[in-house]
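Working notes, beginning with the structure itself.
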Amino acid sequence: MIREDSSRVNEHKLEQMVSVCGLDAVLESCAPVAIALSGGTDSSVLMASARRLGIRAIAISVDTGLAPPGELAAARELADRLGIPHITIPLDMLAIPVVRENRPDRCYVCKRAMMEAIVREAERRGYRTVVDGTHADDRPGVRPGIRALRELGIRSPFAECGMGKADIETLATDLGVAVRPPSACLATRIPTDETITRESLALVGTAEALIAQEIPGTIRVRCSGRRATIEADPAYHGRLEDLIDAVKDLGFSEVVIACGGYREGGADS
């Protein structure tokens, strides 16, 4: 009996997985496709899946000034590695009053502005469909920006074929895409109706990057004025205590550790 080598076996398993969930069919129906690329795991796996299929694709990112440090660089690096053209659109989100003033509908307004910019760029370059990494586990109640996607006709292949976060992470491993901790724009660290400033965004981003050098997993630094609340895996709270002075030295007057760890939903949850 002739055995398939491990690479062919893995390729066959990957083909079976995406065939069963219908991802290939959805992506092929979108081609040529423009991928809204954030640099996170979901949109990165979507881009790698399009590359594996060989469909014509470009990746478009929006530099809003709200992304955690390193996300745009990760997006650019992966697109270059896969050989997919990558465009970055600058968009000053703090010039939009609803976003700057951090009103309750900030997330929707922000997502709408981002996706409108991506759609315009995609159409200008001759790509008829924009896709994003929203998946079956994403809930509109937690992610109000999903409404903007539907209004603009943006398709979400993972959600359409019923793939959730665990499925995407499995596919990421098979495709050689790094699985990054869940991320969200830095504005989610600041309570609703508290004005967002470039200084507060920089402060939060720097604090999270500092902590991430020492502690794995999802980290959030919620910021109200000069008071910071750190959310991280409780298993690492001992190590986190040793970092409090370093976080204070960044410019916070008070730093506390949230007992329950990371909470999805932003600074108001």
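Taken together, the values in this text are just the output of simple stated rules run on the coordinates, not laboratory data. Note that the structure is a prediction, hence the values are computed from the model and not measured. Don't worry about glycine lacking a Cβ; one is built from the backbone with ideal geometry, like all the others, and counts go over all protein chains shown.
Some observations on this one:
- Long-range HN-HN contacts of G261 with modeled amide H, under 5 Å: A232
- Between the Cα long axis of helix 71-82 and the first principal axis of the chain there is an angle of about 20°, rounded to the nearest 10.
- The stretch 77-105 and the stretch 164-220 have Cα centres spaced 15 Å apart.
- Zone residues, the stretch 169-199, relative to E77, backbone N less than 11 Å from point 7 Å out along Cα-to-Cβ: 178
- Shape call, the stretch 105-176: gyration tensor on alpha carbons, a/c limit 1.5: oblate
- Only the Cβ atoms of Lys and Arg (+1) and of Asp and Glu (-1) were treated as charged; on that basis the dipole of the stretch 84-147 about its Cα centre amounts to roughly 120 debye.
- Rounded to 10°, Cα long-axis angle of helix 6-21 versus longest principal axis of the chain: 80
- Protection proxy ranking of 128-140, 41-53 - average other beta-carbon atoms within 10 Å, highest first: 41-53, 128-140
- Using Cβ point charges alone (K and R +1, D and E -1), the dipole size of the stretch 6-175 about the Cα centre works out to roughly 320 debye.
- Only beta bridges with both residues in the stretch 186-257 are counted; by DSSP, about 55 percent of them are antiparallel.
- Positive end of the dipole of the chain (Cβ unit charges, origin at the Cα centre): among T229, P182, G261, the Cα lying farthest that way belongs to P182.
- Amide H within-cut-off set for V255, under 5 Å, with H built and near neighbours excluded: A228
- The stretch 6-175, relative contact order [Cα under 8 Å, separation at least 6], %: 26
- When the alpha carbon gyration tensor of the chain is reduced to an equivalent ellipsoid, the three semi-axes, largest first, read 34, 23, 15 Å.
- For the stretch 186-257, the Cβ-based charge dipole about the Cα centre amounts to some 180 debye (Lys, Arg positive; Asp, Glu negative; other atoms uncharged).
- Global form of the stretch 186-257, assessed from the alpha-carbon gyration tensor, a/c cut-off 1.5: prolate
- Angle of helix 106-124 to the longest C-alpha principal axis of the chain, folded into 0 to 90 degrees and rounded to 10: 40°.
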